[in-house]
Amino acid sequence: MGKGNRTKKQQAANILSGTGKKRNAGRKREMPTWVGTMIVVLVLVAVVLFSVFCILNSRGVFLRSKTIVKSEHFEVNVPMMSYMVYTEYQNWVNNYRDSGYMQYIKGEGGDGLNTSLPLREQNYSVTTDSATGATTTVTWFDYFANQAASSVEQVIVLCEQAHSLGITLTDEELAKIDSSIQMIELYAAYSGYTTSGYLAAMYGKGVGLKDVREMTELIELATKMTNLKTEEFKNGATDVRIENYYNENKEDLDIYVDFIAYTFVATFTPVADSETDAATKNEEAYEKYEDDKALYQERVDALAACTTAKEFCDLLIEYLVEDGMTEVEAIKKQSDAHNINYERDELDIDLEDWLFDTESPVQAGDATAIKDKGSEAREEDEEGGYVYNKANATYTACFVLKPVHRDDAYLQNVGHILFKTDTFKNLTDTSTLSGKTKELAQSLLDKGQTISSENMAKALVELMIAEGKMVTKTAENGETYYYMEKDAFEAYAKEYTEDSSVFYEDVKRGDMVTEFDAWIYNDARIQNEVSFSAVETTYGHHIMFYNGHTDEINWRVAASEAIATKEYEDWYKVVSSACTIDVNAEYWAKIN
């Protein structure tokens, strides 16, 4: 054996036996430099990969591959469904937030919605089966998820139908979607968010513009399919079918009565016993109360004896003038007493029982007087004196113009200029306003008037008259009204209105709020008429413009829509039963 080999073996033996040359105590063999470098690189790579994963996950890259609902040609992934769930949530909150009842809306054993807490941490309902003792908990997330799932199922069914018929979105329809997507980006920037941050905050983690767009396209295609089928069924509602529907459903369509009714109210409010000469004052007030009651009974009896509407109205005006109104005020009050196409709402049971009596139906020209004496104003006490109580008595006279009937009025076309109550409430300067609106508000301040939606409307009417755009004309019946060309009204509306639309066409009765509706459907309206006094609604004050009526009649439209709705529902049952939809329930947990 060579010396070299012996030396190596000896060195090896020495190492194994521990007899060789010792290292410094506690010191390990030094790591090569390249190994340390490699570890640092691997750690950095791991950090980068994790960061990329988090970014991709937050952007929905991985969630986008997870499909919750799928049909033959369409699918909805997790981010798209998340968008639908939180859209349902936001719509619900917007609908109920200002009602004051939101906190009371809940299921059995559940809690009202708290918008500050995650939906999965709040119970909509908690119920226990009395037979099995099993408890079922439905969170508020479940509540909105169920609604979203139902909506998505309908969308998918309709999209499959559109696909089978070769129906697609046009370039114009896709362009509208592009505009809505751009609005999201602009609103996000305006609110101080990145687009992705805004979408995540509104619709859940992983929701991006791509998901919103794809879901919106499906919804628009489904809506297009619905509109096409509905229009098809409406066109199939022939005159004969509409008349047959009316004859079979009179109880649903013969729901209106036209009448004039006015109520006189006698009131008695006693003074406190501690007041000087209380007994004398109460007795005098009581005698006045009794006199008023007798007078009002006499009046309504006289009104009920009238045989024509003109006789009734003239006599009512005479009574109102006797009570201290000016003739103009009395005429307006008499006009307000007209109820056209009145639908029963249980506000005045006695009067409505008479108007809508099916056993002894009222006829045009019928009149009645209804008395409600209310509680007793004076009662004897144990000592032979009197105890006085607050009381009132009502006396109503009613004249029937048209008995129970269907709504024969034409659909209306209308324009308006809206000044919102909230915009001008408590304003003491014009710093928050701009343009012509700011100038108009400043003119109020310059005159020493307060800024309000009502005063803004009045000021604009005065301005339109001063500028010669709004003029008075005389109608065929001799009454004057305010007139304006449509283009001129629209020009003012573009400068002042706070509504997104100026003109509305084909307005059915009930489409608008009550006060708005009442102005449109007043038989006295004349083409191009403008309301001198603004119409007040819950939104604010509206300067109204009457743009005439269409050729369609309310009851016929209602019948046609009912026929089309029934046929659409029958059609949808057939196509939905033939559409196969797969749902992967496990992915619901991915929505947050």
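The values are calculated or read from the model by the stated rules, or taken from the named source; none is laboratory data. Note that the structure is predicted; figures quoted are calculated from it, not measured. Cβ coordinates were reconstructed from backbone atoms using ideal geometry, including for glycine residues, and neighbour counts include every protein chain displayed.
Confirm whether Ala222 is among the aliphatic types (A, V, I, L, M), in contact (Cβ under 8 Å) with a residue 24 or more places away in the chain and assigned by TED's automatic domain parsing to the domain that holds Phe356. When the stated conditions are applied, Ala222 does not pass them. Which of the residues that make up the stretch 232-249 are touching a residue at least 24 places away in the same chain (Cβ under 8 Å) and surrounded by fewer than 16 Cβ atoms within 10 Å (Cβ to Cβ)? Of everything in the stretch 232-249, those that are touching a residue at least 24 places away in the same chain (Cβ under 8 Å) and surrounded by fewer than 16 Cβ atoms within 10 Å (Cβ to Cβ) turn out to be Gly236, Arg241, Asn249.
Please find, within the stretch 52-106, the residue that is modelled with the lowest pLDDT out of those that are among the acidic types (Asp, Glu) and farther than 19 Å from Leu199 by Cβ. The extreme case among them is Asp98.
Residue count for the stretch 105-129 under the criterion of being of a type in the set (Lys, Arg) and either closer than 10 Å to Thr139 by Cα or not in a loop (DSSP other than H, G, I, E, B) (or both): the result is 1.
Determine whether the stretch 570-589 contains at least one residue that is outside the structural domain of Ala201 (by TED's automatic domain parsing), surrounded by 16 or more Cβ atoms within 10 Å (Cβ to Cβ) and either in contact with a Phe, Trp or Tyr (Cβ under 7 Å, 6 or more places away or on another chain) or assigned to a strand (DSSP E or B) (or both). No, the stretch 570-589 has no match at all. The condition (being among the polar types (S, T, N, Q), outside any loop (DSSP other than H, G, I, E, B) and without any contact (Cβ under 8 Å) to a residue 24 or more places away in the chain) is satisfied by just one residue among Ser179, Ser196: Ser179. Taking the stretch 358-378 as the range and being charged (D, E, K, R) and surrounded by 11 or more Cβ atoms within 10 Å (Cβ to Cβ) as the test, the residues that pass are Asp366, Lys371, Asp372, Lys373, Glu376, Arg378. Scan the stretch 484-491 and tell me whether some residue there is surrounded by 18 or more Cβ atoms within 10 Å (Cβ to Cβ) and at negative phi. Yes. If you check Val461, Val535 for being closer than 21 Å to Asp336 by Cα and hydrophobic (A, V, I, L, M, F, W, C), only one passes: Val535. Here the condition is being within 18 Å of Phe419 (Cα to Cα), of a type in the set (S, T, N, Q) and either assigned by TED's automatic domain parsing to the domain that holds Ala524 or in a helix (DSSP H, G or I) (or both); of Thr450, Thr472, it holds for Thr450 alone. Across the stretch 65-90, what is the total count of residues that are surrounded by fewer than 16 Cβ atoms within 10 Å (Cβ to Cβ) and in a helix (DSSP H, G or I)? Selection size over the stretch 65-90: 2. Met456 passes every criterion in (1) touching a helix residue (DSSP H, G or I) at 6+ places or on another chain (Cβ under 8 Å); (2) farther than 14 Å from His416 by Cβ; (3) assigned to a helix (DSSP H, G or I) apart from (2). Checking the stated criteria, Ala559 turns out to be in contact (Cβ under 8 Å) with a residue 24 or more places away in the chain and either among the basic types (Lys, Arg) or over 20 Å from Val461 (Cα atoms) (or both). Can you run down the residue pairs with Cβ atoms below 9 Å, 6 or more apart or on separate chains, where the first is in the stretch 476-499 and assigned by TED's automatic domain parsing to the domain that holds Glu529 and the partner is of a type in the set (Lys, Arg) and part of a helix (DSSP H, G or I)? Note: pairs meeting the criteria are Tyr492/Lys436; Glu495/Lys436; Tyr496/Lys436. For the stretch 152-192, filtering for residues that are closer than 18 Å to Arg213 by Cβ and polar (S, T, N, Q) leaves 5.
Taking the listed residues Leu445, Leu418, the one that is surrounded by 15 or more Cβ atoms within 10 Å (Cβ to Cβ) and of a type outside the set (Ser, Thr, Tyr) is Leu418, with no other qualifying.
Annotation for the stretch 509-526: no member residue is surrounded by fewer than 20 Cβ atoms within 10 Å (Cβ to Cβ), part of a strand (DSSP E or B) and aliphatic (A, V, I, L, M). In contact with a His (Cβ under 9 Å, 6 or more places away or on another chain), outside the structural domain of Asp98 (by TED's automatic domain parsing), surrounded by fewer than 20 Cβ atoms within 10 Å (Cβ to Cβ) and not aliphatic (A, V, I, L, M): does that describe Glu536? Answer is yes for this residue. Val265 meets each of the listed conditions (1) surrounded by 14 or more Cβ atoms within 10 Å (Cβ to Cβ); (2) not in a helix (DSSP H, G or I) apart from (1). Taking residues in the stretch 299-327 that are closer than 18 Å to Ile370 by Cα, and partners anywhere that are crowded, with 16+ Cβ neighbours inside 10 Å and among the polar types (S, T, N, Q), the pairs with Cβ atoms closer than 7 Å and at least 6 places apart or on different chains are Val300/Thr396; Ala304/Thr368; Cys313/Gln334; Leu316/Gln334.
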